Amino acid sequence: MSIPIQEKIENSTKTAKRKLFDNNIKLRGREIKAIRIFETLDKYEDTTDIDIVSDNTITVYIDDLSLEFPLNRYRLDTVGETPDSESIYLFEVIPIEMYAKWTDNIESGDLLVLIIKDNDINMPVVFRVSDNVGRIQVNLLYRKFNIAPYNPSNIDSSIVTLINAYINSK
C-alpha cells in the first residue's frame with residue numbers, strides 16, 4: 001500500500017508549518033503566567049483540593065481582547081474590595097480565542113494570568129482554559145484555545161501567592 005502524494009507533502013512540510021506558526025505567536029503575542037493545577041473533586045463536582053502541577057511564563061496570542069472589560073469584577077484585587085457579582089457582561093459570554101506555541105503544552109483547566117498595565121499599576125486578570133481545538137489536514141496544524149474569565153474569589157491562596165510573585169517581578 002502506497003502513501004498518497006498529498007500525505008507525503010504534508011508530512012514533509014509539517015515541521016516548517018509548525019515553526020512558522022510558533023514564530024507568528026512570538027511576534028504577535030504577549031507574555032503571561034500559566035499555572036497548571038489539578039483539582040480533586042467530590043461526588044458533587046465541588047473542588048476539595050487543589051495541587052499546583054506546574055507554573056511557567058509563556059507567550060500567547062489572544063485574539064480580539066477588545067470587548068469592554070469589567071475592571072471591577074475580574075481583577076485579582078489585594079486591597080480587599082468585593083468584586084461585583086450581580087451584573088452579566090458580554091465579556092463573560094463571548095468565547096475568547098487564544099493561540100500558544102507547540103512547546104507550551106497548555107491543557108484545559110489551566111489558569112492564565114494576564115497583566116494589564118495602567119500607569120504604574122499592574123492589574124492581573126485571571127483566565128481559565130475551557131477548551132482546546134485543533135486544525136487537522138493530514139497532521140495537526142495548530143491548536144486554538146477557548147479561554148474564559150475566572151472569578152478571583154475561587155482562587156486558592158497558594159495560587160494567589162504565585163500570582164503576586166509574578167506581579168512583583170514585572
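Rule-based calculations on the coordinates, nothing more; no lab input. Note that the structure is predicted; figures quoted are calculated from it, not measured. Cβ sites come from the backbone with ideal geometry, for glycine too, and all protein chains shown count toward neighbours.
Treating cross-link reach as a plain straight distance, find the lysines whose alpha-carbon is under 19 Å from the alpha-carbon of Lys17, omitting any fewer than eight places away in the same chain. Within reach: Lys8, Lys26, Lys101, Lys144.
The slack in the chain from Val138 to Asp49, taken as 0.36 nm per residue of separation less the alpha-carbon distance, amounts to 28.0 nm. Report the net charge of residues surrounding Ile136, where surrounding means a beta-carbon distance below 15 angstrom and charges are Lys +1, Arg +1, Asp -1, Glu -1. It works out to a net charge of +4.
Backbone N atoms of the stretch 131-170 closer than 18 Å to the 7 Å Cα→Cβ label point of Ile5 belong to residues 138.
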